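Inspection log for the structure reproduced underneath, given as structure tokens.
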Amino acid sequence: MTTPQEELLPSTRRALLHRIAAAQADGRAPSVVAAVVRGGRTVWTGARAWSGEAVPDADTQYRIGSITKTFTAVLVLRLRDEGVLDLEDPLEKHLPGTGAGKATVAELLAHAGGLAAETPGPWWERTPGALRPELADVLGERPVVHPAGRRFHYSNPGYALLGALVERLRGASWEDVLRREVLEPLGLPRTGVRPLAPHADGWAVHPWADVVLPEPAEDLGRMAPAGQLWSTVGDLARFADFLVRGDERVLGAASLGEMRTPAAPAEAADVAGGYAYGLGMELRHQEGRALVGHTGSLPGFLACLTIGVEDDVAAVVLANCTAGIPVFSLAADLVRTVAEAEPRIPAPWQPMREADPELLELVGPWYWGTQAYALKLSADGLLSLEPLSGTGRRSRFRPNGDGTWPGLEGYYAGEVLTPVRRPDGSVGHLDVGSFVFTRRPYDGNAPVPGGVDPEGWRGTG
């Protein structure tokens, strides 16, 4: 139940309904159901269905395919945060004997482990998991097709390995660990490995005729961590909010931010298309908007969860057809519709509670050579270095507790900003990863690398 302040405008709600109605009709989908989350709350749900299909609601289950991978990645990051493993550990350290153990945990999460995209035939999504009872059956005789760490190559078997890793380190099935550590704490009762009524049936729609064919719904066995789950737009809306804000019972906001950070070497076509991959999450750019989340598909079902983090708007789309609905474009349009029709209202500006004179001495204009920068101090206690021209390297820096400031993003991520003081205690210059920033361009009183001509600045007359 939303409060009046949280409700969308009638015009926005109609635009959302029109978008999914057009998608269902144009895509000839048996049904489509969607939800929009804003400010951590579900503010809209909508659905369309053919006359022979019950109109779904926020509680109707669909298969969500590879969105399952994001759930598996959360389990792995939990193990890292507990100190049970390191993301740079080779798989062999914890799960020996697979034949793919040179890949690190991080590389598997980011689809950069060099593993094959699919299992040996027959196609695992449309056949019983009992055909592949062991990891060796999932990986086959040639599990590795690229050198580990060199390129992004989407791998479903890679996530089967991560699920097996979870099982080995937790001493319980992937299903049980997922339910105990993620689904129950987050309150996702309608998410699980098997369908529970009410649920949609999967259909294939003939490409050249308005007729349909039922699709099989197989138990994927060892491949479950790559795509087994069923869920609802209601549950996935709550999961989307968790992926932004975190929940210390499951995974903190910092680790979720790490999941949303590009982690795989991108292919040239992916760079051009605005696509990257983090740790179990897809990162895309659509019409200038950064979106994170995951898509999913299994025979008979399509799914997408996408989040505009800056807009604080997320969308979930589920459909029960094998093809025909461009679910990412549809979900991205739902985010854009809300973000543009009802822009996020910024929180009120707040000043700092206390002013530290030593920090105030750092702020203001600085020069790297002849390029002008501004160093600013915000109420959250971070410093930001920004080029005054509007283009160039920029970063925020956090206090390290010893007078130094590690960078948080961009070129200066991990590099250290150090205020260097003169004998009288005043700040003479800033050292940022060996770059010297001075109060005047090429200040002769600062240790500018290469020195400064002693005659100083001059005209040409």
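The numbers here are math on the coordinates, done by the rules we state, and not lab data. Bear in mind the structure is a predicted one, so any value in this text is a computation, not a measurement. Here Cβ is always computed from backbone atoms with ideal geometry, including for glycine, and neighbour counts include all displayed protein chains.
What to note about this one:
- Cα-projected label distance for Glu7 with Arg353, points at 7 Å along beta-carbon direction, nm: 3.8 nm
- Loop-resident sites, segment 298-368, for trypsin sites (Lys or Arg not before Pro), counting at most 14 other Cβ within 10 Å (DSSP): Arg344, Arg353
- Only helices enter this figure: runs of n ≥ 4 DSSP H residues, each worth -39500 (n - 2.57), summed and divided by the residues of the chain, yield -7000 deg cm²/dmol at 222 nm to the nearest 500.
- Relative contact order (%) - segment 357-437, alpha-carbon pairs under 8 angstrom, separation at least six: 18 percent
- Its Cα centre serving as origin, segment 357-437 has a Cβ charge dipole (Lys and Arg +1, Asp and Glu -1) of approximately 180 debye.
- Taking a sphere under 14 Å around the Cβ of Arg63 and counting the other residues whose Cβ falls inside, with K and R at +1 and D and E at -1, yields a net charge of -2.
- Fully extended contour minus Cα-Cα distance, from Asp89 to Leu17, at 0.36 nm per residue: 21.2 nm
- Efficiency of FRET between Arg393 and Asp201 - r from beta-carbon atoms, R0 51 angstrom, step 0.05: 0.45
- Stretching Glu409 away from Thr460 to a fully extended chain increases their span by 14.3 nm, per 0.36 nm per residue minus the current alpha-carbon distance.
- Here is the list for segment 319-378: GluC sites (Glu not before Pro) lying in DSSP coil, each with at most 12 other C-beta atoms within 10 angstrom of its C-beta, are Glu354.
- Calculated from backbone phi, Karplus (6.51, -1.76, 1.60) coupling profile of segment 322-337 in Hz, x at Gly/Pro: 6, 7, x, 10, x, 5, 5, 4, 5, 5, 4, 5, 5, 4, 4, 4
- Near the amide H of Leu388, within less than 5 Å, lie the amide hydrogens of Ala372, Tyr373, Ala374, all on another chain or at least 5 residues away, with H placed in the peptide plane.
- Label-to-label distance, nm, for residues given as Ala172 and Ser426 (7 Å Cα→Cβ offset): 6.4 nm
- Per residue Cα convex hull volume in Å³ - calculated over segment 296-431: 173 Å³
- Prolate/oblate/rounded call for segment 357-437, Cα gyration tensor, a/c under 1.5 rounded: rounded
- Counted over the chain, the DSSP beta bridges are approximately 95% antiparallel.
- Relative contact order (%) - criterion: Cα under 8 Å, at least six apart; region: the chain: 15 percent
- Only Lys, Arg, Asp and Glu carry charge here, each on its Cβ (+1 for the first two, -1 for the last two); on that basis segment 19-341 has a dipole of about 40 debye about its Cα centre.
- For segment 225-324, trypsin sites (Lys or Arg not before Pro) meeting the loop criterion (DSSP other than H, G, I, E, B) and having at most 15 other Cβ atoms within 10 Å: Arg249.
- Set of segment 102-137 residues, backbone N closer than 13 Å to the point 7 Å along the Cα-Cβ line of Asp219: 128-133
- Label zone (Asn400, point 7 Å along Cα-to-C-beta; backbone nitrogen cut-off 13 Å) within segment 413-432: 413-420, 431-432.
- Overall shape: oblate for segment 25-130, with the ratio a/c of the largest to smallest alpha carbon gyration tensor axis at 1.5 or above and b/c at least equal to a/b.
- Local charge for Ala116 was computed over the other residues whose Cβ lies under 12 Å away, with Lys and Arg +1 and Asp and Glu -1, and equals -1.
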